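**Student:** Quick one: this structure, given as structure tokens, is what I'll be asking you about.
The values are calculated or read from the model by the stated rules, or taken from the named source; none is laboratory data. Quick caveat: nothing in here was measured; it's all calculated off a predicted structure. So basically every Cβ, Gly included, is an ideal-geometry build from the backbone, and we count neighbours across all protein chains shown. Keep in mind that these areas ignore ligands, DNA and RNA; they rest on the heavy atoms of the full protein, side chains included. Shrake-Rupley method; radii C 1.70, N 1.55, O 1.52, S 1.80 Å.
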Amino acid sequence: MNQDQADGHSFMELGARIDRTNELLHRMLAEVAKTPSTHAIFVDAGYLYAAAGRLVAGTEDRRAFDLDAEGLIDALIDKARTIFADSRLLRVYWYDGARRRIHTLEQQSIAELPDVKVRLGNLNANNQQKGVDSLIRTDLESLARHRAISDAALIGGDEDLVSAVEAAQGYGARVHLWGIEAAEGRNQAEPLLWEVDSQRTFELDFFKPYVSRRTVTAPDASAPRPGRDQVRFVGAQIAATWLAARGREALVELLPGHPYLPGSVDQELLVEAERLLQYSLRGQADLRRALRDGFWDHLQTQY
């Protein structure tokens, strides 16, 4: 074979390789075109409770209002389905805080909802969330990096979320900030508003069906003071209900803290006991101790 023939053969091989490469690229692009877009909703529950509570109930104190989380999550999913019309939902991520990361009854009920993943940070002594922003960043970045989502709807307002937005965008995901109408001023940090790909604000009418102020019925002041044994028995009753709802895993996490209860659990215990007794235990240190003793006695017999 002379040099001209060799050169011609090499060009033919090169052309064949280019054709094969182009064919592979066309196939890959065709597969990508067939793959549906995917979106996820990321909810900073601390922001949602505070902003929605202030807007509808006039308070940020969670104890002062009820939130129909299931109904609200369904409404958010429906809204996302409308906005991301050609996309499918991966899931809703619900970020909240809890003492020692032990689910409250409300958080457990949310975790049991379909298509919902509850992720918990800690609550400090001032009931401030710790570690939630880093959880959001970790999930956003991981899902974007693995091409699990193309769009992220983020409900939050903290400036610390800017790094989470940048991380997701760095892998090609689009981040859409959803906010809650503020009674006055803004409830979302400006640097966060600057970084996202789009912004949307939900108004009072959207949240009204899902937020309702609690009506507190004061215990009868003339009711006789219950005895310690009665209060202790009520504590055991509440412990049985708590254990049935939470399961043994929650019990194992709770026991090392004996004789102290996480603030959220202690508050639920007090409120439920007052409801059952129809008597206020505020300022009744001896009865509060009897209540906790009854609660712990039952749990320890079940371990």
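**Student:** Quick check on region 136-154: of everything there that is among the charged types (D, E, K, R) and over 19 Å from Arg81 (Cα atoms), which residue is least open to solvent (accessible area, probe 1.4 Å)?
**Tutor:** Asp139
**Student:** Follow-up. Do we find a residue being modelled with pLDDT of 90 or more, small (Gly, Ala, Ser) and surrounded by fewer than 13 Cβ atoms within 10 Å (Cβ to Cβ) anywhere in region 31-40?
**Tutor:** no
**Student:** Shifting gears a bit: Is it the case that some residue within region 100-110 is within 23 Å of Arg200 (Cα to Cα), open to solvent by less than 60 Å² (accessible area, probe 1.4 Å) and within 12 Å of the chain's Cα centre (by Cα)?
**Tutor:** Within region 100-110, not a single residue is within 23 Å of Arg200 (Cα to Cα), open to solvent by less than 60 Å² (accessible area, probe 1.4 Å) and within 12 Å of the chain's Cα centre (by Cα).
**Student:** Please verify whether Lys79 is under 11 Å from the mean Cα position of the chain (by Cα) and of a type in the set (Lys, Arg), treating the condition exactly as stated.
**Tutor:** It is false that Lys79 is under 11 Å from the mean Cα position of the chain (by Cα) and of a type in the set (Lys, Arg).
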